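Engineer: One structure follows; several queries about it will come next.
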Amino acid sequence: MTSRKLIAIALVTGFVLTIGTYWYQSSSGLEAADANWPLGTMDDIAALRERDDVNVLFILIDTLRADRLGAWGYERDTSPMLDHLAGNGVRFARHLSQSSWTKCSMASLWTGLYPARTGVLRFDHVLAEGATLPAEIFREAGFRTGALYRNGWVSSNFGFSQGFEVYQRPTPRPMKASERRDNPSATITGSDSDAVDDAKTFLNIHRNDRWFLYLHLMDIHQYVYDGDSALFGTRYSDIYDNSIHRLDRIIEQLMVYLLEEDLLRKTLIVVSSDHGEGFQERGFEGHARNVYREVTEVPFLIAFPFQLESGVVINERTENVDVWPTVLDLVGLPAMPDTDGESLRPQILSGGTDRALESDSEFAFAELDQTWGRGDTAPAPMVAVAADEFRFVSTSTGKGREELFDHSADPLETENILDEHVELGAELRSAVATYLDSSPPPWGEETPTLELDEMELNQLRALGYAIP
Ligand SMILES: [Zn+2]
């Protein structure tokens, strides 16, 4: 199917959802659509650096596993809009988040540094003022910067608002009656629709400016779904899929808005997630407990101000620490200092065939301090290192444990084959030791901490975390 047909389908769905019965209006909207989101080429990607009209929209979808999206091979049709964006842009097929807990993971995503270097590992840690964050670079370059976030772990008192002119939670609107009925235990108010509504306000105010907008969406984390569209069943894991499908519709509404406002042809769209979600693979549901594949393999896609005739797929392993080095490079802005991640622009421009990554990216790391939520307990780092088809996982709690999985033979990574690969095990054990002994970040050794008051602790507990 051609990309024109696909966008046509996406748009018809969008218009039917948003305009209801005005079918003829949607048809006329479609013709405008192609002009408003034209076709582009690799040369157009290379030339993004020269353009002075490109905005950047970053959609962070909290708690999204890559393997639950159609474009990443899921058999259920959970994500037609995200699939469309990936299919006409760049899809990073094997992408790793740096932790399974939002704050630790987002600190790495924003700084391009591994958790061992950001030092943001425990519930009261703060991302240091000395860190250089992408929003500061955008603002320095004259972009208007805004963020609408729905997860308290990235609130400004944890250091995440650096560089943003607007950094706020969206105004909660009442949920639809059917959603209220289906989500009686929804513990945080509002929905991701509120973030999209407030995003439209931001975009409206800044329609004549260049802007960088970050949306941190939470409905999948909260399993918010709508019984009217509960396509995939009612088990815990099915509801997760229902929730992805519902959120995909919300993102589609935002895309239709960008199209109608003629913003799509001047916006670079970046989508990623901070971590995945476990579904009994290790005996429990949720995240922020370990760093196995199901909680760290997340999607990453880039859609351009134009559609590629056929999308690019990057099959080599990439990481959230690469996201901002890549995006800043694509739009020609200065790089962040001394990152562990690197720009993937060369691989993109080669159409996914250039494997010339630098040698230090042979390994990809994820880390979680398993005692992150406890007051004065000693740190207990759990570290995973991925190398080719293998993942080595080192756990330091109790007597300690080491596991080695071969993804090619064991896609769910449940069979520990360390005993059969002693030499590889030794190499990866040493990589973990080197990782844990990483040099300090550009801003120095000290990780600031924050005294949380009871109200702030309660807001975080409402997300489902056991903290003191
Ligand atoms: Zn999260």
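Engineer: Suppose we keep only residues that are more than 16 Å from the ligand (Cβ to nearest atom) and within 20 Å of Pro381 (Cβ to Cβ) within the stretch 123-133. Which one would you say is most open to solvent (accessible area, probe 1.4 Å)?
Structural biologist: Going through the qualifying residues, I end up with Asp124.
Engineer: Could you say which residue among Arg293, Arg289 is within 16 Å of the ligand (Cβ to nearest atom), closer than 30 Å to Thr414 by Cβ and in contact (Cβ under 8 Å) with a residue 12 or more places away in the chain?
Structural biologist: Arg289
Engineer: Here is a further query. Quick one: in the stretch 134-158, which of the residues that are assigned to a loop (DSSP other than H, G, I, E, B) and open to solvent by less than 10 Å² (accessible area, probe 1.4 Å) is nearest to the ligand (Cβ to nearest atom)?
Structural biologist: Asn151
Engineer: Going residue by residue through the stretch 94-110, is there one that turns out to be more than 24 Å from Ser243 (Cα to Cα), more than 16 Å from the ligand (Cβ to nearest atom), among the hydroxyl-bearing types (Ser, Thr, Tyr) and modelled with pLDDT of 95 or more?
Structural biologist: No.
Engineer: Also, I was wondering about something else. List pairs: first residue in the stretch 55-77 and more than 30 Å from His206 (Cα to Cα) and within 16 Å of the ligand (Cβ to nearest atom), second residue assigned to a helix (DSSP H, G or I) and open to solvent by less than 10 Å² (accessible area, probe 1.4 Å) anywhere in the structure, Cβ distance under 6 angstrom, at least six positions apart or on different chains.
Structural biologist: Final answer for the pair search is Arg68/Ile244.
Engineer: Moving on. Can you spot a residue in the stretch 26-38 that is modelled with pLDDT of 95 or more and surrounded by fewer than 24 Cβ atoms within 10 Å (Cβ to Cβ)?
Structural biologist: no
Engineer: With respect to Gly341, is the statement that it is under 20 Å from Ala93 (Cα atoms), assigned to a loop (DSSP other than H, G, I, E, B) and touching a residue at least 40 places away in the same chain (Cβ under 8 Å) true?
Structural biologist: Taking the combined requirement at face value, the residue satisfies it.
The values are calculated or read from the model by the stated rules, or taken from the named source; none is laboratory data. Quick caveat, the model's predicted, so the values are computed rather than measured. Here Cβ is always computed from backbone atoms with ideal geometry, including for glycine, and neighbour counts include all displayed protein chains. Side chains are part of the model used for accessible areas, which takes the heavy atoms of the whole protein and leaves out ligands, DNA and RNA. Shrake-Rupley method; radii C 1.70, N 1.55, O 1.52, S 1.80 Å.
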